[in-house]
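The values are calculated or read from the model by the stated rules, or taken from the named source; none is laboratory data. These figures come from a predicted structure and were not determined experimentally. All Cβ positions, glycine included, derive from the backbone under ideal geometry; neighbour counts span all protein chains shown. Surface accessibility is based on the protein's heavy atoms, side chains included, excluding ligands, DNA and RNA. Shrake-Rupley method; radii C 1.70, N 1.55, O 1.52, S 1.80 Å.
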Amino acid sequence: MGSKNARASKVQPWRWSRLIAIGLSIVALAYLYVLYQYAAASPAALSSSEGTQRSLVKSSKESEGADLQSLVQAQQQELEKLRQALLLQHQDLQQERMRQHQDLQAERQQRELLAAQEALVQQQKRTLRFIVCNGFGNQRLAILYAAILAKETNRALVLPQLIGDGTQRTPGENRGSEGGFVDFGEVYDVDTFKRAGALLGVRVLTGEEAPPLSEYKPVRLRSFQTNAAFLLERENGGDQHISIDCALFKLFPLDPSHEEFAWGILEGLQPSMGVLAIINSAAKALDGSGRSGVKGAHVAGAEQPWAFNVLHLRFEDDWVAHCRRWEAIRDGVIRNNCYNNTDTVGDFMELVGVSKEVPLYVAAHWPDVDPQRKITIMAHLQASGYKVVTSLALIPKMAEILGHEVTMPRDVMACVDFSLALLASKFVGNSVSTLSALALLERRHNGRWATYYNDGNIPLTIPLPILHKMPWVFTYNSWSPLYDDMLKVAVVSALNHGGFIGYCLFLGDPQSGIYRWLENHGIVMIHHEPKWKAKLVKAARSALSRNLGYSHLYANPDMLVSTFQRMDLPLVEEISQYNYVLFTDADVYFRRSITLDDFGLPLPESLSMGYELRAGMYPLNAGVMLMHVPYMKKTYDNFLQFVLSNKEGMHFGVHGPVDQGAYNEYYQPKQKNSRGLHQRFNTKAYHTFQPGGAIVHFHGPKPRELLTYVEQGTCGNFCRLCEYSWLRSLCDYWPNWHSVFAQVKAEDDQSGMVSSTLQDTLRMTTRLMDACSWIKQANPPPVWTGTEQVTPTLRDLHMKKWGYGV
């Protein structure tokens, strides 16, 4: 049984495979038959079948394309919806931030208001009386200083009596014993001053509103020198009511924290209604146009200037005596400008462009003027073509307008003269006189033209630097985008430190981005097209190929004209009012504020320039200059002729190329005070570090070249200046530049300002910061003195850092 089953199992697989083979043969025969039938079909039917197939494929592709296009459109619509949603979200976020900012501002203002109200309440319990001294200008300043003392010691300020005649015939203070007293309200509007004090956190009382004099403790400020606020509070803080002597200059110097307060107090000193009527009668008599007069109590900045000019001429006998005493002080300070140009003041006014078409009111205390001096100087003014009017001739016309006689003490008339100076079209004064200096500073603060005829400095700005802005001037154009960011850093650094008013002489498109940026940052923009442009370009082409090696400026006529444009600065109306201006190139930045007196006395007769490569090395560098504007105006025609007559294609031999060579050759031999600017005003990265440096000038290699040096080991045409910069002081200055640029970029991003260079500059300054961080970690290289080889440490360091070959 078992053997039969085994045989069956062996035969069964063979049978199955045979059956499968037969089945496959049948299927193959059927398939061949179908092929035969298909091959025998008509060609028309076959063609129709192929067309149908192609149609189906085409229709399928078109359907797929339409579906894809619909999908893309749908995705685009979704993206647009998403973009709109994000935009709305961003706007909501910005509005929320604005609301938060406004809430914070309101909260801060509320706190300040409550604090001011609390201070005013406390001031009801503590008061400060004071006296004034000397003439009108000094009395006005004494009020300002007393107000600051009241603010800082948290006391109410009691209004003083004023001095009717503060003439100083001998050294020392005039406290009114000879000139008599005038009530504060007779000269100034009390309510206006009270409101000004309240806004500034100082309660102001009249003498009648204050406690009786018997309750006051007298304090002499003379022993306090210049730190009266601190010492007054330390010595007399427990005294409820104190009376002090004249506070003039008892805080020295006033710092920027006092600026807003000081201008608020000075602007609050507006004439009383009685004095205002006299001022209006004088202005109408001078102007002659039938204007209605000054409305309200505000004189300064209240209206358009009137059609007359004012000259405050100090040539009285007491002034001559004062100048002798003042210039004879032996304290190391040079005082040589008290009486300068007085006898020829008409020449000065003609030079700076004071019009001869309108009346010139000459303000002086005529009873104290030597008759012969008066004849000589008035004759010179009239010979110069000016329509001179004095108070002697004006007062009868004022009386006719007012309908009554006009009489007043000397310093009340000085208030009238001061107010006329603020109203005039142009004002010329004597900078040593406090009345003139205050009128000049208040006019400039209100954007009105004012100058002084006696040259030199403005002594009042030494104790009161907060009242004066140093005029900073530069030239620029619309075709130097690689310099835009450097100029922005210069401007923002100046604004950060304060104390500057910026002017730009601009060549090119006034619709350009950089023009609008400068304008938005408070720079006074002066679009100027030089008349000598074509002549200068023609002269430069005569030796163009030879001079290209000296400066890249020769390669571009527009750049050449732009750099020479500084020649026209004294012709510009806005700049002609200044005796001295600070000029710089665009590639600088400021490390602190600067005053005119920082440059030292005596100031230059023509101009001062900084040393270039090394102290004492000639030629001097024109990238930073202190320019004496009247002298530059006086010599302008001759200087321009000198430049245009150059036969070497605007190269000036040993004096240097382009404008720098011209200034060196023409002005340096003519300058009596020929010392160059101190290095602190033209500090360079390739010099040793100047801790007190005020202006850093990227003369020679610019930041991009300095980065190229560390990345590639090349420095263009600047030889070793790049290497010296890295080895000496670049990294001491760069963090400051970097932080200012970050501020520039943040402001531009916030305002939506589009700049093609910002990202590139950001990369550059970030890499330079990175490089400096490595250098600070390395051992300091030896200082190069010009004899030993410069250390290769720097290049080795950056090969290690970034892997660049050199």
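Among the residues of the range 586-597, those that are open to solvent by 10 Å² or more (accessible area, probe 1.4 Å) and closer than 30 Å to P463 by Cα comprise R591, R592, S593, T595, L596, D597. Taking each residue of the range 589-600 that is under 26 Å from F741 (Cβ atoms) and modelled with pLDDT of 95 or more and looking for partners that are acidic (D, E) and open to solvent by less than 20 Å² (accessible area, probe 1.4 Å) with beta-carbon atoms closer than 9 Å, six or more apart or interchain, yields nothing. Among all positions in the range 249-262, there is at least one residue which is part of a helix (DSSP H, G or I) and either under 23 Å from A414 (Cβ atoms) or open to solvent by less than 10 Å² (accessible area, probe 1.4 Å) (or both).
The set of residues from the range 697-728 being modelled with pLDDT under 85 and among the aliphatic types (A, V, I, L, M) comprises V710, L727. Just one of the numbered conditions (1) crowded, with 19+ Cβ neighbours inside 10 Å; (2) at pLDDT below 95; (3) part of a loop (DSSP other than H, G, I, E, B); (4) not basic (K, R) is not true of G296; which one? G296 satisfies every listed condition except (1). Residue count for the range 673-688, restricted to those that are under 22 Å from L596 (Cα atoms) and either open to solvent by 20 Å² or more (accessible area, probe 1.4 Å) or in contact with an Asp or Glu (Cβ under 6 Å, 6 or more places away or on another chain) (or both): 6.
Can you name every residue in the range 565-600 that is of a type in the set (S, T, N, Q) and assigned to a strand (DSSP E or B)? Full working, then the answer.
Here is the first cut: in the range 565-600, the ones of a type in the set (S, T, N, Q) are 565, 576-577, 579, 584, 593, 595.
Within the range 565-600, just T584 meets the criteria.
Summed over the range 221-248, the residues that are modelled with pLDDT of 90 or more and either among the hydroxyl-bearing types (S, T, Y) or open to solvent by 60 Å² or more (accessible area, probe 1.4 Å) (or both) give a count of 3. Given the structure, is I526 touching a Leu at 6+ places or on another chain (Cβ under 6 Å), more than 26 Å from T461 (Cα to Cα) and at pLDDT 95 or above? So I526 passes the test. On the stretch given as the range 649-672, residues that are open to solvent by 50 Å² or more (accessible area, probe 1.4 Å), modelled with pLDDT under 90 and not basic (K, R) total 2. Note on the range 335-359: residues that are farther than 17 Å from Q577 by Cα and not in a loop (DSSP other than H, G, I, E, B) total 1.
Within the option set R330, R325, R373, being part of a loop (DSSP other than H, G, I, E, B), surrounded by fewer than 17 Cβ atoms within 10 Å (Cβ to Cβ) and not acidic (D, E) holds for one residue only, R330.
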